[in-house]
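Read the figures in this text as sums done on the coordinates, not as results from a lab. Computed from a predicted model, the values in this text were never measured in an experiment. No Cβ is skipped: glycine too gets one built from the backbone with ideal geometry, and neighbour counts run over all protein chains shown.
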Amino acid sequence: MGKRSVVWVASIFAMTLIFSLDGARAQEKIRLSYSSSDTSNASWWIAEDAGFFRKNGLQAEMIFIPSTTTSVSSLLAGDVKVANASGGAVTSAAVGGANLVVVACMLNSLPYELIVQEGIRSVEDLKGKGVGISRIGSASDVAARALIKGLGLEPDKDVPILQIGGATERAVAFRTGRIAGFPAPPGIIQLAQGMPHRVLISTADFQKRFEFPYICAVTTKSYLAANRETVKRVLMALIEGTQFFKTRKAETKKIIAKYSRQNNEGYLESSYVAIAKLYDRVPIVTHEGMEVQIKDALARKPGAKMRYEDVADESLVRELEKNGFIDKVYGK
């Protein structure tokens, strides 16, 4: 090989190395969290597994934190930068002064049903019996209260709400009779083998969609101010993940099976069908749903003040809608 050839090859090698290093540097590291293994969280999983975070220049570390209230604590501690949390968890923390903001909600409804012991056949049968949730202020807490009200009963007064813990702890409490029921996402009933039960009511039974900021991207106000472009890229990946969910059923069900660790076809199918209908194309935070959560949070702290603008910032989603990104993702 001649001297010129050696120089040429060396130059090409150097350029390749430079571009490789530039590509590596372009992948910004960020730690994210999701708080449940049910199907409603799938847009986050898809954004990771289908490569949408990487596509948008992010090297994401996805952490499972099994409670929205714990996720909020992790955000405030700086352990994660953007978390999947419900609006209820955010307002509960913000009313106490937490520096949090919801920047998008992929799912603005509450897809839950109230699973009860088989012997509970009427509303009257449930009176005085406990319903189990993870923690006060969590999505399961909000769901339990909404479902109980949907039956014409008063939470706490007519039906005690008990903090039990995660899904496993609630299943044990239900099996042993410690609780009479628990709120669960669609399809979970398919997995309740060996536990005689029935669905007493579902939010799907409500005449009007139950507006609730459920699957949301949440960060701190300080992080958003300093890293606005990074947060925008997270939202871009989540929007692409949502579109993937809606249009690529077979591949989505495989990802759901991976993260939920469930291969029960009844669960995969029923949960997919329910959530596909509920995911929003434009993930603007529901004003109506957020106002309800603000009202509930303020009721627990007399004298406190909070407005929608204090806990929600829809400017990034509006920007992505206005610049045509969302239309491009959905092909129209």
Report summary line: For K254, counting only aspartates and glutamates whose alpha-carbon sits under 14 Å away and dropping same-chain residues fewer than eight positions off, the answer is D38, E48, D49, E265, E269
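Using r as the Cβ-Cβ distance of E124 and L191, and R0 as 41 Å, what FRET efficiency do you calculate, to the nearest 0.05?
Given R0 = 41 Å and the Cβ-Cβ separation, E is 0.90.
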Query raised in the report: Put +1 on the Cβ of each Lys and Arg and -1 on the Cβ of each Asp and Glu in segment 113-205; which of L153, I189, L200 then has its Cα farthest toward the positive end of the dipole?
Result: I189
Query raised in the report: Helix 265-278: angle to the longest alpha-carbon principal axis of the chain, degrees 0 to 90, nearest 10?
Result: 80 degrees
Query raised in the report: R0 = 30 Å: FRET efficiency of R175 with K149, Cβ-based, nearest 0.05?
Result: 0.70
Report task. Would you compute, from DSSP H runs of 4+ residues alone, the mean residue ellipticity of the chain at 222 nm, taking -39500 (n - 2.57) per run and dividing by the full residue count, rounded to the nearest 500? Result -> -14500 deg cm²/dmol
Query raised in the report: Once both axes come from the Cα atoms, what is the angle between helix 3-26 and the longest principal axis of the chain, in degrees from 0 to 90, rounded to 10?
Result: 20 degrees
Query raised in the report: Which of the lysines could be linked to K149 by a straight reach, that is with a Cα gap under 26 Å, when you skip same-chain ones fewer than 8 residues away?
Result: K127, K129, K157, K208, K277, K295, K301, K305
Report task. May I have the extent of the alpha carbons of the chain along their three principal axes, as whole Å values ordered from largest to smallest? Result -> 92, 48, 37
Report summary line: Note: K221 to D158 extended length (0.36 nm per residue) minus current alpha-carbon separation gives 18.8 nm
**Report entry** Normalised contact order of segment 113-205, rounded percent, pairs of Cα under 8 Å and 6 or more residues apart
**Finding:** 49 percent
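Treat every Asp and Glu Cβ in the chain as -1 and every Lys and Arg Cβ as +1, leave all other atoms uncharged, and give the resulting dipole magnitude about the Cα centre to the nearest 20 debye. Each step should come with its number before you reach the end.
Numbers: 43 positive and 34 negative charges, 148 e Å.
Around 700 debye, computed over the chain.
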